[in-house]
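Have a look at the structure below, then the notes.
The values are calculated or read from the model by the stated rules, or taken from the named source; none is laboratory data. Being a predicted model, the structure only gives us computed values, none of them experimental. Neighbour counts are summed over all protein chains in view; Cβ atoms, including those assigned to glycine, are modelled from backbone coordinates with ideal geometry.
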């Protein structure tokens, strides 16, 4: 029986393999993790610039977009890659006995490493130019940990489903597209959920909470664009609960199928 240190080493090796397969070098992965959200934010700022206010609580709309696009793009890429991760490593699963959770988690680790490097650049730039919410910087490590928890659970869930039901990857693609527009990335949450049940429906979306936490940490609470009546502690508490629930659901779904995964892949 291998030790947890051995499994940790295997997780890291699988993550490095993921980076090498997707990019010529790990440095290119970090570059794309930074360049893609930056370019996407610039395009969306041009497309939606006339529909949205030029600034939100004094923060330029481009920075508002950027602070939301970065976590969304990271989670989107993680879930997309994790969906087929078990199938892509079918030979490894059939030949070696090890915790199968390590495969989708290696996808999470690879994308998360790139995200952290890109976040350091973006966050440093925002703070350097004086647009950051310095009193709220403590929100960033909290958001990072909750994102890791949430993405890890979702990676296990979609990987297990795809291994058993081969068409799930197409459902995931459509769901992610719809999820993007249901999450206040390109618009402030206050513009669509200012009161009533809409406010609570929005808070039940884990990605809405994560985007709100990142915007708070990077830009300040007012620039997060949250609905009236939602406090920072409420946002933090609800996001914690939804992230833990998603992590637990993903773990349970995967554990129920772990013993028979070799038959599916």
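Is it the case, given these coordinates, that residue 174 is in contact with a helix residue (DSSP H, G or I) (Cβ under 7 Å, 6 or more places away or on another chain), at pLDDT 90 or above and surrounded by fewer than 15 Cβ atoms within 10 Å (Cβ to Cβ)?
No; evaluated as a whole, the condition is false for this residue.
In the set 204, 231, which member is surrounded by fewer than 18 Cβ atoms within 10 Å (Cβ to Cβ), within 18 Å of residue 136 (Cβ to Cβ) and modelled with pLDDT under 95?
Sole residue among the options that is surrounded by fewer than 18 Cβ atoms within 10 Å (Cβ to Cβ), within 18 Å of residue 136 (Cβ to Cβ) and modelled with pLDDT under 95: 231.
Listed residues 66, 116; which is buried (at least 22 other Cβ atoms within 10 Å of the Cβ), in a helix (DSSP H, G or I) and at negative phi?
The unique qualifying residue is 66.
Those residues that are part of a strand (DSSP E or B) and touching a helix residue (DSSP H, G or I) at 6+ places or on another chain (Cβ under 8 Å), I need them from the range 49-63; list them, please.
Scanning the range 49-63 gives 55, 56, 59.
Take residue 176 and decide whether it is within 17 Å of the chain's Cα centre (by Cα) and touching a residue at least 24 places away in the same chain (Cβ under 8 Å).
It is true that residue 176 is within 17 Å of the chain's Cα centre (by Cα) and touching a residue at least 24 places away in the same chain (Cβ under 8 Å).
Being touching a helix residue (DSSP H, G or I) at 6+ places or on another chain (Cβ under 6 Å) and in a helix (DSSP H, G or I) is the requirement here; does residue 110 meet it?
So residue 110 passes the test.
Could you give me the residue pairs with C-beta distances under 6 Å whose first residue belongs to the range 72-95 and is surrounded by fewer than 16 Cβ atoms within 10 Å (Cβ to Cβ), whose second residue is assigned to a helix (DSSP H, G or I) and modelled with pLDDT under 90 wherever it lies, and which are 6+ apart or on separate chains?
94/262
Could you tell me whether residue 143 is outside any loop (DSSP other than H, G, I, E, B), within 28 Å of residue 47 (Cβ to Cβ) and under 14 Å from the mean Cα position of the chain (by Cα)?
yes
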